[in-house]
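Here is the structure we will look at.
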Amino acid sequence: MSTQSSPLKAVRGTRDLLPPETALWNRIEQTAREVFARYGFGEIRTPIFEATELFARGVGEETDIVSKEMYTWEDRARAQSEKAQSLTLRPENTAGVVRAYIEHKLGERGDLQKLFYIGPQFRRERPQRGRYRQFWQIGVEVLGPVSSGSESPVRDAEVLEMLATLLDELGVKNWRLELNSVGSTEDRKRYDAALRAALEPVKARMCEDNQRRAETNPLRVLDSKEPADQEIIAALPKIADYLDEDSRAHFAAVRAALDACGVAYTVNPRLVRGLDYYTRTTFEFTVPSSFDPASGLGTQNALLGGGRYDGLSEMLGGPKAPGIGFAIGEDRLILVLQEQDGSRAVDAPHPEWMWAKKLDAYIAPIGAECNAAALALARELRRTGLSVEVGDGTFRLKKSFDAADKVARNIVILGEDEVRSDILTVKTFATGEQTKVARAELAKALRA
Ligand code: AMP
């Protein structure tokens, strides 16, 4: 009987990222790190799994993320000192960062904590283009005791202005900032009551999910994408009419600071976002041309989202620590950049780092007996900082030239004569020029 089995594949909703595309991921992460550093952010790395309770309390039991999308398992005790525990792969990183803030008593340092993270998150969503079960987020959190100024609208505006700068520096075109205020916890309570009252007579006409949300968490009805329910949703009360004086003033100050910086935005009164912890400022950056349904990308048009979470630390048993943060969907950012680059708008030159860079040199040994010498030469050149590939002496010259032309700017021929004389033949593909170069001069010549 044949024992051959079918090859294993990556799990549905997960994928491998391969070169040269990974160069683009690295470039994006590097740019983000550079921009964040200019604004005084430091990196935090939290575990990929946490106690399930963290997300239940932090993100909210009634959110789609917690109620339907988490990867949760019962972790058995392996020793008497351990307890069985329900664990979950993190579906987002804010709860973990705030847990770490509390655990390490970062608030006692007294100053504002400006933290960023880059890493994978996990949600069991229906996979489609731009939506995966393992996806990457680049995010920041700004939080601290009230005395550190963590509640100030300046913080909100600074974070938004930084995002505008980051997207511009990455070369993302046509982004739009949508902004709203969901008010304080008290404002939300009054709004919640108004929403329930308004939904009562109409909810029977809505889809099953929205009927459930109308009961459990009416605010969630507002981010429903169900086409048939949009008319009802549009007629529901607006949060702006339920903000108290302080929340109104806070929102006005955020907008004034953005105006002063020249960062354009649109106020979207329905933007409440899918997580329970948000208070006051909420926002999304979208790229309308890119994730438009006509282009086959579905409705995944939000590139990033975020907002203020003034009560989250207390929800997790910590001290009062108002804060604001965002998470960029890195997978979507890549899709946007690739797509915008593919369209090659004349007035929007693509950044050159979109393309894989060629190596400085390909060393072609002539004959297997030159392989060792080729490797030694490569070592010498690589140690000067050059990028080098080494061929194989068993290749015929034509095969070496073809291989070299694909990956490198120059080919260096290394036969027995060259090993003996220390004079090498170098051909530069772009010009077709072929020259003899002394070994001592080689690194300089290749760098030119
Ligand atoms: P959220 O944490 O839900 O506010 O999402 C923030 C950003 O993460 C979104 O704007 C998306 O760009 C990205 N994102 C969320 N869920 C997914 C997913 N399943 N696949 C890819 N990106 C996602």
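Derivation of every value follows stated rules applied to the coordinates shown; laboratory data play no part. Since the model is a prediction, treat every value here as computed from it, not as a measurement. Note: ideal-geometry Cβ built from the backbone for every residue, glycine included; neighbour counts use all protein chains shown.
Quick notes on this structure:
- With contacts taken as Cα pairs under 8 Å at a separation of at least 6 residues, the chain carries a relative contact order of 15 percent.
- Sorted largest first, the principal axis extents computed over the alpha-carbon atoms of the range 53-124 equal 39, 34, 23 Å.
- Computed Kirkwood radius, in angstrom, where 1/r is averaged over Cα pairs of the range 116-159: 12.9
- Per-selection Kirkwood Rh - the range 126-247 (Cα, Å, 1 d.p.): 17.7
- Judged by the mean number of other Cβ atoms found within 10 Å, the most tightly packed of the peptides 135-146, 415-426 leads the ranking 135-146, 415-426.
- Counting DSSP beta bridges with both ends in the range 351-448, the antiparallel % (nearest 5): 50
- Here each label is just a point 7 Å from Cα along the line to Cβ, and for Glu186 and Lys225 those points are 3.7 nm apart.
- Length released on extending from Glu380 to Ala253, taking residue separation times 0.36 nm less the Cα-Cα span: 39.8 nm
- When peptides 9-22, 190-203 are ranked by their average number of other Cβ atoms within 10 Å per residue, the highest-first order is 190-203, 9-22.
- Using alpha carbons only: equivalent-ellipsoid semi-axes of the chain, gyration tensor based, whole Å: 52, 25, 23
- Inter-part distance where the range 300-314 and the range 119-136 are each reduced to a Cα centre, Å: 18
- Paramagnetic label zone (point 7 Å from Cα along Cα-to-C-beta, Ser421; backbone N under 20 Å) in the range 427-448: 427-428, 433-446
- Look at Cys261, Cys370 and count the other Cβ atoms within 10 Å of each Cβ; fewest to most, that gives Cys261, Cys370.
- For the chain, the antiparallel share of DSSP beta bridges with both residues in that region comes to about 80%.
- Listed residues Gly393, Gly311, Gly171, most fluctuating in the chain (Gaussian network, C-alpha, under 10 Å): Gly393
- Taking label positions 7 Å along the Cα-Cβ direction at both Thr165 and Thr266, the computed distance is 2.6 nm, reported to one decimal.
- Difference of contour (0.36 nm per residue) and Cα-Cα distance, Phe429 to Gln30: 140.6 nm
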